[in-house]
Amino acid sequence: MAGNTHSSKSIMVVTIVIAVVLIALIVPLSLKGKGAAGSGADEAVEVRIAPVAQLTIAGHEAATSGPRDGASIYKNVCSACHASGALGSPKAGDKAAWAPRLAQGKAALYTSALKGKNSMPARGGAADLSDDEVKSAVDYLTGLAK
Ligand code: HEC
């Protein structure tokens, strides 16, 4: 009888597997049927969300392409050191710390930011910044100390 019990268990397992497979096949089909019946509603939703979807895409492009402005570069890159004065960097907005540096002239500050100076890494460590982007970040950073 032990063998019988075993085989009836196997049959039950097979039955359950088949049932699960059938459900997995039938449920998507029936959902598709409903979707087809209400496809007009689906289109209406697409039309309604379209402006938002397009805005999101446009916003994303604006954030990732084209030159980034000095303020956002400062926030994302330079503030890592300059917000706190880490590594002995002149702290943003600290007039006394910046006065002797500003006295060197903008060109020297641009060169330091582009090429690096002591613990100040070239381009603040963000090698992907263009020269103009680094300069606009210098303008923003030095502007905070004026
Ligand atoms: C890893 C830390 C760090 C980051 C990030 C950083 N700096 Fe600096 N920065 C320094 C340090 C340290 C100095 C002081 C260097 C010195 O005079 O020895 C400095 C100095 C400067 C100076 C003055 C240079 C001079 O000649 O007196 C400028 C301008 C400057 N940083 C701009 C930037 C800009 C713009 C960014 C972002 C793109 C940036 N820094 C990111 C650490 C950093």
- request: For ALA107, state whether it is among the aliphatic types (A, V, I, L, M), under 14 Å from ASP139 (Cβ atoms), without any contact (Cβ under 8 Å) to a residue 40 or more places away in the chain and out of contact with any Ser or Thr (no Cβ under 7 Å at 6 or more places or on another chain).
  value: yes
message: So, in segment 94-146, how many residues would count as being closer than 14 Å to TYR74 by Cβ, more than 8 Å from the ligand (Cβ to nearest atom) and of a type in the set (Gly, Ala, Ser)?
response: 3
Residue pairs meeting the criteria (Cβ under 7 Å; at least 6 apart or on separate chains; first modelled with pLDDT under 95, in segment 56-75; second loosely packed, with under 14 Cβ neighbours inside 10 Å): PRO67/SER130; PRO67/ASP132
task: Report the residue count in segment 80-123 for those that are more than 25 Å from the chain's Cα centre (by Cα), in a loop (DSSP other than H, G, I, E, B) and not aliphatic (A, V, I, L, M).
output: 11
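The values are calculated or read from the model by the stated rules, or taken from the named source; none is laboratory data. Just so we're clear, the structure is a prediction, and the values are computed from it rather than from any experiment. Using ideal geometry, Cβ is built from the backbone for each residue, glycine included, and neighbour counts are taken over all protein chains shown.
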